[in-house]
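**Student:** One structure, pasted below without further comment.
The values are calculated or read from the model by the stated rules, or taken from the named source; none is laboratory data. Everything quoted here is computed from the prediction, not taken from an experiment. We place every Cβ from the backbone using ideal geometry, glycine too, and count neighbours over all the protein chains shown.
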Amino acid sequence: MSRPVPVLVLLLAACLVGCGQEERQRLTATLTSPTDVSLVWEAEPGAVGQVVEYANVPDGDYTVLEFVPPDRTSYEHPDLIPQTEFYYRVRSFHGPASATVDVTLPPGDEVPESDGHAWAEPVTGPSGASPVRSADAGLPDLSAEIKHANGILFTWTDRFEGEEGYLLEVRPSGAAHFSVAAQLDPDVRSFGLITLPTEKNATYRVRAYYYGAATNVAHQKTGDTA
Amino acid sequence: MSGMLRTLVGAVLAGGLLMAAPVAHAQVESGPWTSYSPTFTVQERGCGDVADLTFRLTCSTASGDQRAERRYATYTGGTRQFEGSFRITSLGGTRISLKQTFNDSTPGPYFMLAVERGGRLYAVHGGATVATGATVGATVRVNTVHAVGSQHRTYINGSLRHTYASPGGSFYDKFGAYRTNSGQGPATVVWSGIRFWRK
């Protein structure tokens, strides 16, 4: 007869920790017009970024809407398909980033036709051995080789295992924050980026990433267009 | 214990979600829609290469017919919906058409969605920016709703990005990787989740 009490206490204690964490991650989706949805959530402390995703069925294939900075807590999804179900979630991500590399490209814009860009294909090697979730996983190294006026070959050592993939992040000269320039598969160790005109002078880094906590799935059904 | 509780809650939520998901697919806009599977042919021209749903232009040639596509069956009248997701896994070139709605009556590519280096999606006819963010590795969902004789709507990641008046006649869908007049490869594009509906 006395057993249920400690179990209840344990469950309550767990809820104070676990439920509190879930509450911080709470996501709400609000229709601000018949075809506009506004998302608000609580960011997960310690995350290096967050991924805002949507699907049209709750267990469907979620599509990334945006990689957002760790302190961002809102997203506007505008001009949506009318009379349609939308499901949203926000996942945090974590993982070690390399030191930054500054690249200044030569002037010009044309890509030489003689360059077949075989160097730009993502190259995957054997998986590394250091658990990416481990505190002593270390940092990926990164080197950059200019291939032409718009092309940079990035190379790094894949020393991790268990990563979701790699993010190549760019901060153009004058920009305040890094953004994701390419999302790459696990075990990739080389990739050629064709840059934007705004990236003639830019800083790059590569990050081995894995997903952390996800919010609840928030749902809205859009209405008719005006 | 906290982990156990979260596992329990997760299992309950998962069960609820499974019960709440009566269908494995989700056509958009109001229906009723009927799912169908049009036939298609594979088109490889120049340095185009097709392997199932992976479409490659293997050269950087800036002239001639360079294409790797699926050409679907012609339709006439009614309203058609296409859904698919693409992921550019490598883009050495630029201005590569990814999805077309082809006017078989004119004939010509009535609507052509293409990507520039860096991930800008644009409508080839008119050049309007459709969306940004089609960077290498990003999965982008495309829905087109075509009311023949009325309107062609393009949704990118759920948002309406392009609206185009439609004449009557016969049309067909194409997708893959195709060099536009001002573009060049190489490019590798992987499509997934291809579905069609009509009403």
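**Student:** Please go through the stretch A:30-59 and pick out each residue that is more than 18 Å from A:Gly212 (Cα to Cα), of a type outside the set (Asp, Glu) and in a loop (DSSP other than H, G, I, E, B).
**Tutor:** Scanning the stretch A:30-59 gives A:Pro34, A:Thr35, A:Asn56, A:Val57, A:Pro58.
**Student:** Related question: Can you name the residue in the stretch A:34-75 that is free of Cβ contacts under 8 Å to residues at least 40 places away in the same chain, more than 9 Å from chain B (Cβ to nearest Cβ) and over 17 Å from the mean Cα position of the chain (by Cα) and is also nearest to B:Glu83 (Cα to Cα) among such residues?
**Tutor:** Looking at the filtered set, the residue picked out is A:Ser38.
**Student:** Quick check: is even one residue across the stretch B:49-64 modelled with pLDDT under 95 and surrounded by fewer than 16 Cβ atoms within 10 Å (Cβ to Cβ)?
**Tutor:** Within the stretch B:49-64, one or more residues are modelled with pLDDT under 95 and surrounded by fewer than 16 Cβ atoms within 10 Å (Cβ to Cβ).
**Student:** Any residue at all in the stretch A:167-187 that is at positive phi and outside the structural domain of A:Leu65 (by the TED database)?
**Tutor:** yes
**Student:** If a residue has to be among the hydroxyl-bearing types (Ser, Thr, Tyr) and surrounded by fewer than 19 Cβ atoms within 10 Å (Cβ to Cβ) to count, how many in the stretch A:64-91 make the cut?
**Tutor:** Residues in the stretch A:64-91 being among the hydroxyl-bearing types (Ser, Thr, Tyr) and surrounded by fewer than 19 Cβ atoms within 10 Å (Cβ to Cβ): 2 in total.
**Student:** Turning to a different aspect of this structure: I'm checking my understanding of the structure. Among residues of the stretch B:136-170 that are within 14 Å of B:Phe111 (Cα to Cα) and aliphatic (A, V, I, L, M), which one is nearest to the other protein chains (Cβ to nearest Cβ)?
**Tutor:** Only one residue tops the list, namely B:Val145.
**Student:** Now for a different question. Inspect the stretch A:115-122 for any residue being touching a Lys or Arg at 6+ places or on another chain (Cβ under 8 Å), assigned to a loop (DSSP other than H, G, I, E, B), at the interface with chain B (Cβ under 10 Å from one of its Cβ atoms) and touching a residue at least 12 places away in the same chain (Cβ under 8 Å) and give the result as yes or no.
**Tutor:** yes
**Student:** Turning to a different aspect of this structure: Just to be sure, is A:Pro140 under 20 Å from the mean Cα position of the chain (by Cα) and either farther than 21 Å from B:Leu57 by Cβ or in a loop (DSSP other than H, G, I, E, B) (or both)?
**Tutor:** So A:Pro140 fits the description; yes.
**Student:** Let me ask something else about it. Exactly one of (1) touching a Pro at 6+ places or on another chain (Cβ under 7 Å); (2) modelled with pLDDT of 85 or more is unmet by B:Leu17. Its number?
**Tutor:** B:Leu17 satisfies all of (1) touching a Pro at 6+ places or on another chain (Cβ under 7 Å); (2) modelled with pLDDT of 85 or more except (2).
**Student:** Select the strands (runs of 3 or more DSSP E) contained entirely in the stretch B:37-111, then report the ones holding at least 1 residues which are within 14 Å of chain A (Cβ to nearest Cβ).
**Tutor:** Values: elements: B:40-45, B:48-51, B:54-57, B:67-72, B:79-91, B:94-103.
The qualifying strands (runs of 3 or more DSSP E) are B:48-51, B:54-57, B:79-91, B:94-103.
**Student:** Then there is this: Test A:Asp102 against the criterion of being away from chain B (no Cβ under 14 Å), exposed (fewer than 15 other Cβ atoms within 10 Å of the Cβ), charged (D, E, K, R) and not in a loop (DSSP other than H, G, I, E, B), and give yes or no.
**Tutor:** Yes: the conditions hold for A:Asp102.
**Student:** Quick test for you: out of A:Pro107, A:Pro112, A:Pro126, pick the one residue that is in the same structural domain as A:Val188 (by the TED database), over 30 Å from A:Thr30 (Cα atoms) and either of a type in the set (S, T, N, Q) or in contact with a strand residue (DSSP E or B) (Cβ under 9 Å, 6 or more places away or on another chain) (or both).
**Tutor:** On inspection, the qualifying residue turns out to be A:Pro112.
**Student:** Against the definition (out of contact with any Asp or Glu (no Cβ under 9 Å at 6 or more places or on another chain), under 19 Å from A:Pro186 (Cα atoms), outside any strand (DSSP E or B) and touching a residue at least 40 places away in the same chain (Cβ under 8 Å)), how does A:Asp109 come out, yes or no?
**Tutor:** No; evaluated as a whole, the condition is false for this residue.
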